[in-house]
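Let me begin by presenting the structure, written as structure tokens, before commenting on it.
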Amino acid sequence: METEKKYLNKIICLFYPSLLNNFGFQSEKGITFFSEKKAPNIKQFLAELVTEKQVEKLIFLNYPQQEEQLNELKTELAKIDRQITNIILFHLENYDLLEEIWSQYLICPSCEKIFVKQTFIQENGQFICPQEGKVKFSSTTVAEFNQNYWENYFKNNKILLEKILATEEKTSPLRINRLTIRQKEELFSGEIREKLWEIINNI
């Protein structure tokens with residue numbers, strides 16, 4: 001009976017921008033992560049976890065991203081008598097910080113990881129993805145992608161958060177944890193990683 005009470009008792013949605021290249025979302029005892037890129041079939045993924053009954057905290061990485069995915073997730077969770085219990089949101093302290101990051105770094109349109117502009121923009125203005133070598137983009141393409149990325153990130157998260165709150169809180173309280181980034185140095189020092197794990201472990 002104890003196992004029945006504990007498995008999948010925390011369902012967490014973690015929404016974060018592509019500022020953490022090497023966070024390393026590796027599953028460990030009692031905690032597992034869902035990434036749509038690695039396991040696109042949410043129904044099969046949940047079915048396997050239910051069979052194992054070993055995971056206490058399930059964390060969805062930037063998922064759902066669309067209302068259709070949210071509806072599917074809620075449906076599949078309801079089948080196993082579960083629902084979203086927590087949300088973790090990354091929050092930039094102010095717009096000036098975003099502009100500072102934007103002026104010095106860029107997000108690759110291919111791998112969606114962050115890189116220093118001066119290091120990876122060639123003299124002819126092209127950007128070559130450091131992860132995938134031969135994949136090239138013009139500076140205009142990269143700039144447009146980055147602008148759209150940030151606009152969509154904040155807009156989609158706001159819409160999804162409102163929809164999750166509107167439905168999940170009718171049945172039980174939903175807890176929201178905000179992780180505030182105050183300086184760009186926090187992103188690369190490992191400090192944010194430590195803070196995030198502290199939040200996860202305390203949920």
Query raised in the report: Only one of (1) in a loop (DSSP other than H, G, I, E, B); (2) at pLDDT 90 or above fails for ASN21. Which number is that?
Result: (2)
Query raised in the report: List, please: which pairs have Cβ atoms under 6 Å, are six or more places apart or on different chains, and start with a residue in segment 96-123 that is within 13 Å of TRP150 (Cα to Cα) and end with one that is of a type in the set (Val, Ile, Thr) and in a helix (DSSP H, G or I)?
Result: LEU106/VAL142
Query raised in the report: Failed condition for TYR105, given (1) farther than 22 Å from THR180 by Cβ; (2) surrounded by 12 or more Cβ atoms within 10 Å (Cβ to Cβ), with all others met?
Result: (1)
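Going through THR141, THR180 one at a time, which residue ends up being touching a residue at least 24 places away in the same chain (Cβ under 8 Å) and touching a His at 6+ places or on another chain (Cβ under 6 Å)? First the steps, then the outcome.
Details: THR141 fails: touching a His at 6+ places or on another chain (Cβ under 6 Å).
After applying the criteria, what remains is THR180.
Please verify whether LYS29 is of a type in the set (Lys, Arg) and either within 21 Å of ARG178 (Cα to Cα) or surrounded by 13 or more Cβ atoms within 10 Å (Cβ to Cβ) (or both), treating the condition exactly as stated.
No, not satisfied.
Just name the residue that is nearest to TYR105 (Cα to Cα) out of those in segment 184-203 that are in contact with a helix residue (DSSP H, G or I) (Cβ under 9 Å, 6 or more places away or on another chain) and at pLDDT below 85.
The first filter runs over segment 184-203 and keeps only residues in contact with a helix residue (DSSP H, G or I) (Cβ under 9 Å, 6 or more places away or on another chain), leaving 184-187, 191-192, 195.
Next cut, at pLDDT below 85 only: 184-187, 191-192.
Details: LYS184: 10, GLU185: 12, GLU186: 14, LEU187: 12, GLU191: 19, ILE192: 18 Å.
Residue satisfying both the conditions and the ranking: LYS184.
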Query raised in the report: Is it true that some residue in segment 35-56 is within 26 Å of ILE192 (Cβ to Cβ), touching a Leu at 6+ places or on another chain (Cβ under 8 Å), in contact (Cβ under 8 Å) with a residue 60 or more places away in the chain and part of a loop (DSSP other than H, G, I, E, B)?
Result: no
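The values are calculated or read from the model by the stated rules, or taken from the named source; none is laboratory data. Everything numeric in this text was worked out from a predicted model, so none of it was measured. No Cβ is skipped: glycine too gets one built from the backbone with ideal geometry, and neighbour counts run over all protein chains shown.
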